[in-house]
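Novice: Starting off with a structure, shown below.
Here, each number is a calculation from the coordinates, and none is a lab measurement. None of these values were measured; they are calculated from a predicted model. Counting neighbours? That spans all protein chains shown, and the Cβs are built from the backbone with ideal geometry, glycine included.
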Amino acid sequence: MKGAKITAIGAYVPARRLTNSDLEQMVDTNEEWIVQRTGIRERRISREDEYTSDLCTAAVQDLMKRYGKSVQDVDMILVATSTPDFSFPSVASILQNRLGIPVTAGAVDLSAACAGFVYALHTAHAYVASGLHRKVLVLGADTLSKITDYTDRSTCILFGDGAGAVLLESGGLVDGFAGFHLGSDGSGAHHVYHPGLSHVVNEVDLIDTGKLVQNGREVFRWAVRTVPQGVQQVLDSAGATLEQVDWFIPHSANLRMIEPICERMNYPLEQALYSLEYFGNTSAASIPLALDLGIRAGKVLNGQQVLLYGFGAGLAHAGQLLRLTLDTEVSPPAPL
Ligand code: UT7
């Protein structure tokens, strides 16, 4: 096994803000309910002509600028997204061309909804650790606003758009990656979905409005039960303890879910990082955005251990413990 490390990170969110008071004008809701039940104050919404590939491009540009990195020599591009510009071609292929990455690099999208970024990171680590690839660009990006029903108050208050990018490089003897845990329970596939070619899953007739549909209570219950158990599996596979985890970054679905998850784990909520307060639930982007916010705020430091845990539609989940091994930034990040 070779070592693999994350050497650079970048992020992007669209300029347009959708506030809770904006939503009060659109559906029967109010600021107090949204903040109390979710912790979300604002989300960023992409322009009509702005797609996931555009957000990805901007996130990689941020990464290159901050870390003085080139992506010309990446040999694999992995994009975790549920809202690609097209069913095909992939966002990864569009990105390869737009960033001028040589045609010899592999490019593929991964679909695991809100768990997608951690799945992509796990895949990239396997590629680099096995020696199959040297330098992998990994993105988590979504434009959920494009598939959100803005007449449904139970979902439209949650979602926002964003992208996060990391560069994973062969680290010689240094391996930033410790334990991981993956899982999926398709018996809950009908609890959160975006209709596609089929309209039935688990013998349930799906609602097809062309928009995302969610049974929030069911997903809530499943995640609060599943994530603490998954975190323990990550720790067991790394031979680590929770006390050694400097920062816990669960998927930013809802602060009201992160609180009981931390409580069940007996982990201090102050050491949980999330991106939902000003960006909402950005699906595959939520974890890299939260990591990036922590780095920008000077909280997350090189050498610290970070435990990422993604969960969502599938019902799929994925956790990864890693030690931060970023290169030094050459220029400060632009404000998000
Ligand atoms: O990204 C990964 C997958 N997604 C998730 O992990 C999301 C998980 N679920 C959630 O975040 C929460 O379940 C929601 C935020 C979606 C809903 O919060 P909740 O505390 O579970 O509310 P609820 O569905 O139990 O509804 C409670 C009440 C209902 O009214 P009644 O029946 O008690 O009269 C809803 O109609 O709140 C009502 N309600 C609202 N009221 C004002 C639902 N949405 C709203 C709203 N504003 N936006």
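Novice: How much of the DSSP beta bridge set in the chain is antiparallel, as a percent to the nearest 5?
Specialist: Looking only at bridges with both residues in the chain, the antiparallel portion is about 70 percent.
Novice: Sticking with the crude label model, points 7 Å out along Cα→Cβ, report the distance from Phe86 to Thr241 in nm, one decimal please.
Specialist: 5.4 nm
Novice: Over the range 177-323, what is the relative contact order in whole percent, taking alpha-carbon pairs under 8 Å and six or more residues apart?
Specialist: 35 percent
Novice: Classify the range 177-323: rounded, prolate or oblate, from the alpha-carbon gyration tensor (a ≥ b ≥ c, eigenvalue square roots; a/c under 1.5 rounded; otherwise prolate if a/b is larger than b/c)?
Specialist: Prolate shape, in that a/c is at least 1.5 and a/b is the bigger ratio.
Novice: For the range 37-66, which GluC sites (Glu not before Pro) are both in a DSSP coil and crowded by at most 13 other Cβ atoms within 10 Å?
Specialist: Glu48
Novice: Percent antiparallel among DSSP beta bridges with both residues in the range 177-323, to the nearest 5?
Specialist: 80 percent
Novice: By the scheme Lys and Arg +1, Asp and Glu -1, what is the net charge of all other residues having a beta-carbon under 12 Å from that of Ile249?
Specialist: Once positives and negatives cancel, what remains is -1.
Novice: Counting only the backbone N, which residues of the range 47-77 are under 19 Å from the spot 7 Å out from the Cα of Arg16 toward its beta-carbon?
Specialist: Under 19 Å, as judged by backbone N against the label point of Arg16, lie 47-59 of the range 47-77.
Novice: Would you mind getting me the FRET efficiency between Arg98 and Asn266? Use the beta-carbon distance for r and R0 = 56 Å, nearest 0.05.
Specialist: Working from the Cβ atoms, E equals 0.80.
Novice: So, one more: For the range 4-170, max minus min Cα coordinate along each principal axis, in Å, sorted largest first?
Specialist: Over the range 4-170, Cα extents along the principal axes are 53, 29, 28 Å.
Novice: Counting each DSSP H run of 4 or more residues in the chain as -39500 (n - 2.57), what helix-only mean residue ellipticity at 222 nm follows after dividing by all residues, to the nearest 500 deg cm²/dmol?
Specialist: Mean residue ellipticity, 222 nm, calculated: -9500 deg cm²/dmol.
Novice: Lysines near Lys65 by alpha-carbon distance under 30 Å, same-chain residues fewer than 8 away left out - which ones?
Specialist: Counting by Cα, and skipping residues close in sequence, Lys65 has these lysines nearby: Lys2, Lys5, Lys135, Lys146, Lys299.
Novice: With no solvent and one equal point scatterer placed on each C-alpha of the range 189-239, evaluate the Debye formula and give log10 I(q)/I(0) for q = 0.18, 0.20, 0.26 Å⁻¹, two decimals.
Specialist: Computed log10 I(q)/I(0) values: -0.67, -0.73, -0.93.
Novice: Above 24 angstrom, tally the Cα pairs of the chain and express them as a % of all pairs, no decimals.
Specialist: Percentage above 24 Å: 51.
Novice: Calculate, for Gln232 and Leu206, the FRET efficiency according to 1/(1 + (r/R0)^6) with r their C-beta to C-beta distance and R0 30 Å; round to the nearest 0.05.
Specialist: That pair, Gln232 with Leu206, gives E of 0.35.
Novice: Compute the distance from the alpha-carbon center of the range 175-192 to that of the range 202-260, in whole Å.
Specialist: Here the answer is 9 Å between Cα centres.
Novice: Explain nothing, just the number: relative contact order of the range 4-170, from Cα pairs under 8 Å at least 6 residues apart, as a whole percent.
Specialist: Relative contact order of the range 4-170: 34 percent.
Novice: I want the local charge near Arg153. Using Cβ-Cβ distances under 15 Å, sum +1 for each Lys or Arg and -1 for each Asp or Glu among the other residues.
Specialist: Charge balance in the 15 Å sphere: -3.
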